[in-house]
Every structure is written in C-alpha cells, then in structure tokens.
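For reference, the structure is listed below as structure tokens.
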Amino acid sequence: MVELRKRKAPAQPLKTEQKSKRVQKSSPASRRVPKIVNADSSRAGASDGFHLEIPKPGEKLDLNQFGGEFESHDGTKVRLKDLVDSSKAGVVLFTYPRASTPGCTRQACLFRDSYESLTATGLSIYGLSADSPKANTTFKVKQKLPYTLLCNPSYTLIEALGFKKMPKGTKRGVFAINKQGKVLLLQTGGPDATYEAAQQIVATSGKADQENA
C-alpha cells in the first residue's frame, strides 16, 4: 500500500517593507559653527593673560592686559606693566627652557657678564621661564645672576610673546619693550643670538638718547 504524502505548499515570498529613508537636511546654522572671538582681547590681550595675536616690533601694547600675572624668583606677584613702570627706559626679557641646564646657563651668564653695559641706557634685564621660584632661585644664586628671574609656569606671558612650545615647553628667545609700551624686539634664537640681539637694541637705544639730548 502506497502512502500518499501531502506536498507542502510553496513558501510565500516575504513581503519586504521598504522603509522610507528620511534624509534630514541640516540647516545652514547647524552645519556652520560660529567661531567666537572676543574683540576686546584680539589686540590688547584677554583678561586671563592670553594674547590672540603675537605682537610685532613697532607695535604698542596695552600693558594693563598683556601677559597676565606671574612671579619673580622670590615669590612676588608681578605683571609686565609693573616691570615697565619700574624701569627707567623699558624692559628686556630673555626666555629659556629650563633653569640650570647647559644652554640656559650659557645664555644667563652672557647676560650676567654684560649686565652693566646692557642696563647702561636704562633698560631693565629679566630672565623668564616656566620654572618654579625654587628652581629659579637656585639658578640665580649658583650662577650669581644680578637680575631678577621671572617664573611663569602657567605660560601666560610666555605664550603671549609666542615663546610657548606645544603642547608644553618654552622656546629660547628675547623680547624688548620701551617705557611707552612699544615693542622693540621679539625673536627666537640660541643663547648667543638672543644676547647679541639684546646688545643691538641697547646700542640703538643709546644712539637715540644721544640724538635726543
């Protein structure tokens, strides 16, 4: 006896539901993120000490804002304006990466050995780094430096001058500004180059004083 088997009905094709793709067009406002710039800080420096544009020689700075607050090696809180106001003719700052290292020691000693001639026209000399007051005090005492060392671990002044390495560190350089807030010199360079640039500024300043006498 032959057993009859029922044939299975063919499977019905599944109906695929085509989902409508909704393309959300972003509005122009959502695509473009506005870049907010504080107009008051683009030139004179922001209240936190950061400067959006690196100053150039010949430019006059707003010393009330520029560079933020930092310390001297003895822990005194100061600003660039304080240094300029207390000087006779202006300020020369040389920056160095780290206290008591060979290149920085050479640079500091070059300024030390010519301290009298560098300050003869009324410019005040300072060293500037991101070192702590303790490290800079040790450096100053050991090398018998006759000038004040400035400590700026927050990099406010160092960065404002364009001497900050990214993400961290200090470029070797030199900066000079006169009593009226006019930038006389701003450049990077090695120990000898920064010292020679400062010498040239002093010589130029001396000639100007003689002509105006």
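Per-residue HN-Hα couplings for the stretch 98-113, Karplus 6.51 cos²θ - 1.76 cosθ + 1.60 at θ = phi - 60°, whole Hz, x for Gly and Pro?
7, 4, 6, 9, x, x, 6, 5, 4, 4, 4, 6, 4, 5, 5, 5
Based on the Cα atoms of the stretch 60-212, what semi-axes does the equivalent ellipsoid have, where each is the square root of 5 times one gyration tensor eigenvalue, given in whole Å with the largest first?
Equivalent ellipsoid semi-axes, largest first: 22, 18, 14 Å.
Given H placed 1.01 Å from N in the peptide plane, which residues other than close sequence neighbours of Val78 have an amide H under 5 Å from its amide H?
It is Phe70, Glu71, Ser72, by chain and number.
Return Val183, Val92, Val141 ranked ascending by Cβ neighbour count within 10 Å, so the fewest neighbours appear first.
Val141, Val183, Val92
Of Asp131, Asp62, Asp192, how do they rank once you tally other Cβ atoms within 10 Å and put the fewest first?
So the residues, fewest neighbours to most, are Asp192, Asp62, Asp131.
For the stretch 64-120, what is the convex hull (Cα atoms) projected area averaged across all directions, in square nanometres?
Approximately 4.8 nm², given one-decimal rounding.
Out of all DSSP beta bridges with both ends in the stretch 60-212, state the antiparallel percent to the nearest 5.
Expressed as a percentage, antiparallel bridges in the stretch 60-212 total about 65.
Is there a pair in Lys56/Lys171; Lys88/Lys165; Lys81/Lys179; Lys77/Lys165; Lys60/Lys179; Lys56/Lys179 whose C-alpha atoms are over 21 Å apart, and which pairs would that be?
Lys88/Lys165; Lys77/Lys165, as the Cα separations exceed 21 Å there.
For Lys142 and Lys168 in the same chain, what is the full-extension length gain: residue separation times 0.36 nm, less their Cα-Cα distance, in nm?
Full extension from Lys142 to Lys168 adds 6.7 nm.
Could you estimate the translational diffusion coefficient of the stretch 134-213 from the Stokes-Einstein equation, with Rh from the Kirkwood formula over C-alpha pairs, at 25 °C and 0.890 mPa s, in whole µm²/s?
Answer, rounded: 168 µm²/s.
None of the figures in this text is laboratory data; all of them are computed from the coordinates on show. None of these values were measured; they are calculated from a predicted model. Note that each Cβ is placed from the backbone with ideal geometry, even for glycine, and that neighbours are counted across all protein chains shown.
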